[in-house]
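The values are calculated or read from the model by the stated rules, or taken from the named source; none is laboratory data. Quick caveat, the model's predicted, so the values are computed rather than measured. As a convention, Cβ positions derive from the backbone with ideal geometry for all residues, glycine included, and neighbour counts pool all protein chains shown.
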Amino acid sequence: MISILLPNDQREQLDQLYAAMRPDSLTPLWEVLAALVSPTPNSPAIAHHWRFGDARRHLMRAGDLISAEQAERRVLILENPGLPGESAITASLYAGLQMILPGEVAPAHRHTQSALRFVMEGEGAYTTVDGERAVMRPFDLVLTPSWQWHDHGNETAQPMIWLDGLDIPTVRHFAASFAEKTDKPVQARLVEDDDSLSRYGRNLRPLRGSVADRRPADRPLFHYPYADWRRSLADMAAGMPDPHLAHALEFINPADGGSVLPTIAAQVQLVPAGTATRPRRGSDGAVYVVVEGRGTARIDDREIILLPRDLFVLPSWATLSLKAETDLVLFSYSDRAAQERLELYREERL
Ligand code: GTQ
């Protein structure tokens, strides 16, 4: 308990009062007010950095010891050192590295937690979302919106590894977790692979009510291929960079132009070789992946050397500036979407 400074006798009598009220489940606000209603965010998460190669080594060993089917999901959680035992990378977000070996299946389930996958290694494994397969390539973004059935499988000859980003701590905070399994581990393929990319991914949609309009109206798209976003980012990089963001693009939900998931926003960024971004901070906590290039991330007083496929976490209200040795391309996701919906989000450009 944080103690306000008071004369000794007053302190003693107050402490006696606190002890007397404890059995009645009452506790004084004035002892904790400053910490509860802090002038700026006070994140328990700390900036941290994972080398992909280290995580991959442990993941491969896990692959020797447990199958994807046994584990249901064979995932190593990226746990923030400031949140031990919480299965969280920030106060509101979860991150994990999932591996599916050749021939394996991660059985179908659905849950209220929203998920995204960002492919780190391998090519050609799939996630099936409500009967439609998204065939995944390196650095593709694939979504599993809340309550949609999903299973993962790998019919290729190589391991497939991706980053899972979920809102598990947010859903836990609201005590709103629901989940279901079926006896069929692999969903039936109801349509052509990546069918919704051609139906909803090109500024078109099937006419409402027609048989082809089978995705939910508010969340039609769930696959954002690397080839598409990288091309947009390259085109954008021909222009003037923003001083604080360099070249940055947000993945959007075509139904409303908003974030890809109700709780999670996702973006990509390119910092041109030899340039740096000015410091900036936001009230969102964010998880970053280095897609290509080398450079450094300065987070408050810390400096992190960035190499391809490294991962790092930026806590709420920590100041970030990026310096690129070679063209530096980053993917990131954050809880900005949830904060904007709750009218909490703020940012500051320094
Ligand atoms: O693939 O459905 O990393 O349900 C954690 C929970 C992945 C998944 C995770 C999950 C999943």
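Examine the range 305-317 for a residue that is buried (at least 17 other Cβ atoms within 10 Å of the Cβ), on the phi > 0 side of the Ramachandran plot and of a type in the set (Phe, Trp, Tyr), and state whether such a residue exists. Among the residues of the range 305-317, at least one is buried (at least 17 other Cβ atoms within 10 Å of the Cβ), on the phi > 0 side of the Ramachandran plot and of a type in the set (Phe, Trp, Tyr), which makes the answer yes.
I need the full set of residues from the range 122-157 which are assigned to a strand (DSSP E or B), within 14 Å of the ligand (Cβ to nearest atom), hydrophobic (A, V, I, L, M, F, W, C) and more than 20 Å from Ile168 (Cα to Cα), in order please. Result: Ala134, single match.
Among the criteria (1) touching a residue at least 40 places away in the same chain (Cβ under 8 Å); (2) within 23 Å of Tyr126 (Cβ to Cβ); (3) away from the ligand (no atom under 12 Å from the Cβ), the one Ser198 does not fulfil is (1). Listed conditions (1) in contact with a strand residue (DSSP E or B) (Cβ under 8 Å, 6 or more places away or on another chain); (2) in a loop (DSSP other than H, G, I, E, B); (3) surrounded by fewer than 16 Cβ atoms within 10 Å (Cβ to Cβ); (4) of a type in the set (Asp, Glu) are all met by Asp218, apart from (1). Going by what's in this entry, would Thr170 be described as at pLDDT 95 or above, of a type outside the set (D, E, K, R) and within 16 Å of the ligand (Cβ to nearest atom)? Yes.
Check whether at least one residue in the range 186-194 is surrounded by 19 or more Cβ atoms within 10 Å (Cβ to Cβ) and either within 17 Å of Val329 (Cα to Cα) or hydroxyl-bearing (Ser, Thr, Tyr) (or both), and report yes or no. Within the range 186-194 (the criterion being surrounded by 19 or more Cβ atoms within 10 Å (Cβ to Cβ) and either within 17 Å of Val329 (Cα to Cα) or hydroxyl-bearing (Ser, Thr, Tyr) (or both)), the answer is no, since none of the residues qualifies. Out of all the residues in the range 110-121, is one or more at positive phi and either more than 9 Å from the ligand (Cβ to nearest atom) or buried (at least 22 other Cβ atoms within 10 Å of the Cβ) (or both)? No; the residues of the range 110-121 include none that is at positive phi and either more than 9 Å from the ligand (Cβ to nearest atom) or buried (at least 22 other Cβ atoms within 10 Å of the Cβ) (or both).
Against the definition (in a strand (DSSP E or B), hydrophobic (A, V, I, L, M, F, W, C), within 17 Å of the chain's Cα centre (by Cα) and within 10 Å of the ligand (Cβ to nearest atom)), how does Leu97 come out, yes or no? Answer is yes for this residue. A single entry from Arg74, Arg57, Arg51 fulfils the requirement of being without any contact (Cβ under 8 Å) to a residue 60 or more places away in the chain and either more than 10 Å from the ligand (Cβ to nearest atom) or on the phi > 0 side of the Ramachandran plot (or both): Arg57.
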